[in-house]
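Below is one structure, written out as C-alpha cells; the observations come after it.
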Amino acid sequence: MFDALVSFTFNLGAGTLKRSTLLKKLNRNDIDGAAAEFDRFIYAGGKIMRGLVRRRAAEKEIFLNGNYLNNESTEVWLPCAVTTTRYCLPSSK
C-alpha cells in the first residue's frame with residue numbers, strides 16, 4: 001500500500017492526496033473503497049490519458065495485492081526514474 005501511495009503522491013502532489021476521498025476512505029479502513037478511488041485520477045486537461053490509466057491500474061494493483069506485475073503479462077512495471085511520471089517496462093528481467 002505504501003509504495004502505491006508514494007507513487008500516487010509523487011505524481012499528483014501531497015495536497016491532492018490530503019484532500020482526496022481515497023485518503024478519507026483509507027483512514028476509515030475502507031480498503032476496497034480507497035482502491036476504487038485510484039480510477040478517478042486518469043484525467044489531464046479534462047481528457048482521459050492512456051498513460052494515467054495504466055499508471056493508476058498499476059498503483060491500484062500494488063495497493064491491493066502488492067503485485068508489481070503487469071496484469072496482462074509477466075513483465076514488471078517500475079517507475080522509469082525518480083524524475084519521471086510514468087511506468088516503464090525494464091529492458092530485461
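No lab work stands behind these numbers, since they all come straight from the coordinates. Nothing here was measured: the structure is a model prediction, and the numbers come from that model. Reconstructed Cβ throughout: ideal geometry from the backbone, glycine too, with neighbour counts over all protein chains shown.
Quick check: net charge around F8, other residues with Cβ under 9 Å of its Cβ, Lys/Arg +1 and Asp/Glu -1?
+1
Mean separation of Cα pairs under 8 Å and 6+ residues apart, divided by the residue count of the stretch 1-73: what relative contact order is that in percent?
In percent, rounded to a whole number, it is 34.
Pulled fully out, how much extra length does the chain show between T16 and I31, if you take 0.36 nm times their separation in residues and subtract their Cα-Cα distance? Don't jump to the answer; show the numbers that get you there.
Values: separation 15, 0.36 × 15 = 5.40 nm, distance 1.83 nm.
Working it through step by step, the gained length comes to 3.6 nm.
How much length is gained on full extension from M1 to K24, taking 0.36 nm per residue of separation minus their Cα-Cα distance?
Working: separation 23, 0.36 × 23 = 8.28 nm, distance 1.48 nm.
Value of the extension gain: 6.8 nm.
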